[in-house]
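Asker: Have a look at this one before I ask anything.
Laboratory data are not the source of any read-out in this text; all were calculated from the coordinates shown. Values in this document were obtained by computation on a predicted structure and should not be read as measured data. For neighbour counting, all protein chains shown are included, and Cβ atoms are generated from backbone atoms with ideal geometry for every residue, glycine included.
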Amino acid sequence: MKSLFIDCNHQLAPVFARVHHPDDPPITINTKPFTAEDLPRLLDGYGICLDDHSYMPTPLVAQCRSLKHIVFLGTGAASYMIIPELAELGIKVHLIRGYGDTAVAEHTVALMFAAARDLARMDRGVRAGTWKPLEGMQLQGKTLGVIGLGGIGREVARIAKGIGMNVVAYNRTALADAPVRLVALDDLLARSDIVSMHLTLGDETRSFLDAPRIARMKKGVILVNTARAALVDEAAMLSALANGQIGHAALDVYHAEPLKADHLLAGMENVTLSAHAGFRTLEASTTLLRRAVDIVKSLQP
């Protein structure tokens with residue numbers, strides 16, 4: 001089957017060139033911008049689509065008659081397509097797990113530090129000619145609540161323990177080998193100075209952190225989300241940021257990406273934003289793209 005890497009960007013292109021070997025199946029690279037309406041034209045004749053983080057609306061994908069497989073570069077395909085609907089069309093979505101646990105965990109901790117010390121606000125101020133040192137929070141001795149103890153959550157817990165934080169966690173299923181103390185969700189929300197989201201997104205976890213749960217959090221809590229935006233009720237989060245229930249939000253993921261400049265989050269001082277870059281390291285990208293090529297290889301007749 002013919003394969004198209006539909007949204008290869010300038011950072012991934014040289015990495016892909018290194019990991020794609022002469023004996024691998026040919027994969028066409030598209031680096032030009034496109035809209036969802038272009039999907040039927042771009043994917044005409046292709047059976048496999050490698051998708052970095054492009055939306056795949058079901059009605060438009062349904063027009064891609066030759067498409068049989070989407071290899072999503074990561075685990076969050078549910079944020080960009082409705083997988084059961086694609087399955088009904090005979091299209092299988094392949095996920096790639098565990099390729100960047102350390103990269104995302106390190107980014108999570110970087111956002112944690114940035115929020116605790118208000119680095120983004122001071123950076124904006126200094127660049128604008130305002131010299132205003134801000135008092136921050138010392139992380140040593142503070143309590144971090146990790147919601148979801150998969151590979152990334154475990155890495156975050158390991159790093160946080162290394163800097164002297166008290167780490168507790170909540171996981172939706174029982175774990176016999178939890179690296180930190182598991183507590184009830186309400187207990188975690190009430191005691192944590194920082195809450196970090198690491199659940200997978202599904203019907204059961206969409207808006208997992210809703211208004212009632214946000215109300216049970218410690219007032220002034222720092223919320224970090226490098227997992228999926230839809231895990232958190234956006235309206236409830238915005239309200240809590242405005243009234244101080246959430247003291248600071250450090251976010252790498254958004255309900256609609258890219259985040260628009262006029263979005264309410266972009267105008268809030270107590271928010272630190274990054275551009276869905278948690279997994280963007282050379283090491284993680286190399287592993288990710290090689291695994292994607294291997295999936296394409298396995299799908300050849």
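Asker: Going by how many other Cβ atoms sit within 10 Å of their own, how do Cys8, Cys49 line up, fewest first?
Answerer: The order, fewest Cβ neighbours first, is Cys8, Cys49.
Asker: Rounding to the nearest 10 and keeping the result within 0 to 90°, find how far the Cα-based axis of helix 234-243 lies from the longest principal axis of the chain.
Answerer: With both axes taken from Cα atoms, the answer is about 20 degrees.
Asker: Please list the three semi-axes, largest first and in whole Å, of the ellipsoid equivalent to region 188-274, using sqrt of 5 times the eigenvalues of its alpha carbon gyration tensor.
Answerer: So the three semi-axes of region 188-274 are 18, 16, 11 Å.
Asker: As a test of the definition: which semi-axes, in Å, follow for region 153-224 when you take the square root of five times each eigenvalue of its alpha carbon gyration tensor? Largest first, please.
Answerer: Calculated on Cα positions only, the semi-axes equal 19, 16, 11 Å.
Asker: Strictly over 27 Å apart at the Cα level, which of Lys32/Lys68; Lys2/Lys32; Lys142/Lys260; Lys260/Lys297 would you flag in this model?
Answerer: Values: Lys32/Lys68 23 Å; Lys2/Lys32 19 Å; Lys142/Lys260 33 Å; Lys260/Lys297 37 Å.
Over 27 Å apart, Cα to Cα: Lys142/Lys260; Lys260/Lys297.
Asker: Let me ask something else about it. Which net charge results for the neighbourhood of Ile27, defined as the other residues with beta-carbon distances under 14 angstrom from its beta-carbon, given Lys and Arg at +1 and Asp and Glu at -1? Show your work: numbers first, answer last.
Answerer: On the way: positive: Lys2, Arg18, Arg290, Arg291, Lys297; negative: Asp7, Asp23, Asp24, Asp51, Asp52, Asp294.
Overall, the nearby charge balance is -1.
Asker: Gly45's amide H: which non-local residues (gap 5+, or another chain) put their own amide H closer than 5 Å, with H modeled 1.01 Å from N in plane and none for Pro or chain starts?
Answerer: Under 5 Å from the amide H of Gly45: Ser66.
Asker: For Arg228, Arg290, Arg127, which order do you get if you count the other beta carbons within 10 Å of each Cβ and list the fewest first?
Answerer: With the fewest neighbours first, Arg228, Arg290, Arg127 line up as Arg127, Arg290, Arg228.
Asker: Another question, if that's okay. Can you give the extra length, in nm with one decimal, that the chain gains between Glu204 and Leu282 once fully stretched, where that is 0.36 nm per residue apart less the Cα-Cα distance?
Answerer: Full-extension gain reported as 24.8 nm.
Asker: What does the charge add up to near Gln63, with Lys and Arg as +1, Asp and Glu as -1, over the other residues with Cβ less than 13 Å from its Cβ?
Answerer: That sum, taken over residues with Cβ under 13 Å, equals -1.
Asker: Same structure again: Using only Cα atoms, what is the ratio of the radius of gyration of region 101-273 to 2.2 N^0.38 Å? Display every interim value, and only then the final one.
Answerer: Working: Rg = 15.4 Å, N = 173, 2.2 N^0.38 = 15.6 Å.
Taking the Cα Rg and dividing by 2.2 N^0.38 Å, one obtains 0.99.
Asker: Please compute the length gained on full extension between Leu134 and Phe113, using 0.36 nm multiplied by the number of residues separating them and subtracting their Cα-Cα distance.
Answerer: 6.2 nm
Asker: Under 5 Å between amide hydrogens, which residues at least 5 positions from Asn270 or on another chain qualify, with H placed 1.01 Å from N in the peptide plane?
Answerer: Placed amide hydrogens put nothing under 5 Å from Asn270.
Asker: In addition: Just to verify a number: FRET efficiency for Phe34 and Glu88, C-beta to C-beta distance, R0 = 25 Å, to 0.05?
Answerer: Working from the Cβ atoms, E equals 0.50.
Asker: Given +1 on the Cβ of Lys and Arg, -1 on the Cβ of Asp and Glu, and no further charges, what dipole in debye does the chain carry about its Cα centre, rounded to the nearest 20?
Answerer: On the way: 31 positive and 31 negative charges, 110 e Å.
About 520 debye.
Asker: Which cross-chain or sequence-distant (5 or more) residues have an amide H under 5 Å from the amide H of Val167, H modelled 1.01 Å from N in plane?
Answerer: Leu144
Asker: What does DSSP give for the chain in terms of the percent of beta bridges that are antiparallel, rounded to the nearest 5?
Answerer: Close to 0 percent.
Asker: Evaluate 2.2 N^0.38 Å with N set to the residue count of region 65-165, then give the Cα radius of gyration divided by it. List each step's numbers first, then the result.
Answerer: On the way: Rg = 19.9 Å, N = 101, 2.2 N^0.38 = 12.7 Å.
My calculation over the Cα atoms of region 65-165 gives 1.56.
Asker: Here is a further query. To the nearest 0.05, how large is the calculated FRET efficiency for Ile163 and Arg41 if R₀ is 35 Å and r is the Cβ-Cβ distance?
Answerer: 0.10
Asker: In terms of the Cα gyration tensor, with a ≥ b ≥ c the square roots of its eigenvalues, is region 126-192 rounded because a/c is under 1.5, prolate because a/b exceeds b/c, or oblate?
Answerer: Values: a/c = 2.68, a/b = 2.39, b/c = 1.12.
Prolate is the answer for region 126-192, as a/c is 1.5 or above and a/b outweighs b/c.
Asker: Sticking with this structure for a sec: Using alpha carbon centroids, what distance separates region 2-62 and region 243-301, in Å?
Answerer: What the calculation gives is 19 Å, centre to centre.
Asker: Neighbour counts of other C-beta atoms within 10 Å: give me Asp262, Asp44 arranged from fewest to most. Don't jump to the answer; show the numbers that get you there.
Answerer: Details: Asp262 7, Asp44 13.
The order, fewest Cβ neighbours first, is Asp262, Asp44.
Asker: Please report the orientation-averaged projected area of the chain, defined via the convex hull of its C-alpha atoms, in nm². Write down the numbers at each step before the final one.
Answerer: Numbers: hull surface 68.8 nm².
Orientation-averaged projected area of the Cα hull: 17.2 nm².
Asker: Compare the Cα positions of Leu282, Val126, Thr28 along the charge dipole of the chain (+1 at Cβ of Lys, Arg; -1 at Cβ of Asp, Glu; about the Cα centre) and return the one farthest towards the positive end.
Answerer: Result: Val126.
Asker: Then there is this: If r is the Cβ-Cβ distance from Thr173 to Ala256 and R0 is 35 Å, what FRET efficiency results, to the nearest 0.05? Write down the numbers at each step before the final one.
Answerer: Values: r = 30 Å, r/R0 = 0.86.
Plugging the Cβ-Cβ distance into 1/(1 + (r/R0)^6) gives 0.70.
Asker: Next question, about the same structure. For region 77-91, take each phi angle, set θ = phi - 60°, evaluate the Karplus expression 6.51 cos²θ - 1.76 cosθ + 1.60, and give the result in whole Hz per residue in order, putting x for glycine and proline.
Answerer: For region 77-91, the Karplus curve yields 4, 4, 7, 10, 7, 9, 4, x, 5, 5, 4, 5, 7, x, 10 Hz.
Asker: Would you mind computing, in nm to one decimal, how far apart the modelled labels at Asn243 and Ser66 are, each placed 7 Å from Cα along Cα→Cβ?
Answerer: It works out to 5.6 nm between the two label points.
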